[in-house]
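K.L.:
Take this structure, written in C-alpha cells, and hold onto it; I'll ask about it next.
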Amino acid sequence: MNLPAIIQQRLCHYYGLDSVPDVGPFIEARDDVLRERVLVREGDDGIDVRVELPSAAFAATPSLDVVCQVVEGVSHFVLIAERARCELPTTHLELELQAEVDKFLLLGVLPEPLPSAERVRLRWQLFDAVRYQHEAGTVPGDRYRLANRTADRFVDRLDREYLRHSRMRELRFYLQRFFRAGQTAKLELARAA
C-alpha cells in the first residue's frame, strides 16, 4: 500500500467515513510540481478533483515536508469528497485548517501517540518552523497563516486535555465532531482552546 492510500485509510477509519472514493485514481505524481496541489472543478455532473503530488511522495523514504504535503493533499480530498457526498459547501480556509490538524493527528497520534516530548517537537516543526509560499497580507498568505495559528492552538488543547491524560476515545469523538463541522463551527471549536 502506498503512502496516500495509508493516509486515506487512517483518516477514513478515524473519522468513521466509509463512502469516500479511493484517492489513488485522482492522484497525479509530477516531476514539475514542487508542492502539493488539489484542483477542483465543478460541473453539471458533479465535481472533478485532481491531487497533484511531487514525485518525491512516492520515494522509499520521503522527507517530513513531502509526507506533510501528501497528508495535506489526501486530507483535502477526503474532506471535499465527504462534503460533496453530503451536498455541503467547503472553503479554502476550512480545508487548510483540517489539513493542519490532520498532519498532527497522523504524525503525532496515529496509530499510537508519540511521547509528550516528541509531540512538542512535532508541533514546533508543524506550526512554528514553517515557511510560507505566499506573502503575509495576501489572501492565500493570510489564509495559510490563520489556519496554521488556529490549528496550533487547537492541537495544543487536544494535547493538554486528551493526549496527556490518555483520553483517546474522547479525543476521537471530539476530532470526529471537528471534521464534520463547517468552517464557522471549526473556527469556534479551535478558538475555544
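K.L.:
Take Arg83 and tell me if it is buried (at least 17 other Cβ atoms within 10 Å of the Cβ) and either within 20 Å of Ala5 (Cα to Cα) or of a type in the set (Gly, Ala, Ser) (or both).
P.N.:
When the stated conditions are applied, Arg83 passes them.
K.L.:
Take the residues in segment 117-148 that are outside any helix (DSSP H, G or I) and hydrophobic (A, V, I, L, M, F, W, C); name whichever of them is farthest from Glu94 (Cα to Cα).
P.N.:
Once the filter is applied, the top-ranked residue is Ala129.
K.L.:
For segment 21-48, which residues satisfy the criterion of being among the β-branched types (Val, Ile, Thr) and surrounded by fewer than 19 Cβ atoms within 10 Å (Cβ to Cβ)?
P.N.:
Val33, Val40, Ile47
K.L.:
Now for a separate question. Out of all the residues in segment 156-183, which are under 17 Å from Ser75 (Cβ atoms), buried (at least 16 other Cβ atoms within 10 Å of the Cβ) and not aromatic (Phe, Trp, Tyr)?
P.N.:
Leu158, Arg172, Leu175, Arg180, Ala181, Gln183, listed by residue number.
K.L.:
Still on this structure, I have one more. Touching a Phe, Trp or Tyr at 6+ places or on another chain (Cβ under 8 Å) and closer than 27 Å to Val155 by Cα: which single residue out of Val109, Val66, Val51, Val70 fits that description?
P.N.:
Val51 is the lone residue from the list that is touching a Phe, Trp or Tyr at 6+ places or on another chain (Cβ under 8 Å) and closer than 27 Å to Val155 by Cα.
K.L.:
Still on this structure: Criterion first (modelled with pLDDT of 95 or more and under 21 Å from Arg172 (Cα atoms)) does Glu135 satisfy it?
P.N.:
It is false that Glu135 is modelled with pLDDT of 95 or more and under 21 Å from Arg172 (Cα atoms).
K.L.:
So, of the residues in segment 102-131 that are small (Gly, Ala, Ser) and touching a helix residue (DSSP H, G or I) at 6+ places or on another chain (Cβ under 7 Å), which turns out to be farthest from Leu11 (Cα to Cα)?
P.N.:
Here the answer is Ser116.
The values are calculated or read from the model by the stated rules, or taken from the named source; none is laboratory data. Bear in mind the structure is a predicted one, so any value in this text is a computation, not a measurement. Note: ideal-geometry Cβ built from the backbone for every residue, glycine included; neighbour counts use all protein chains shown.
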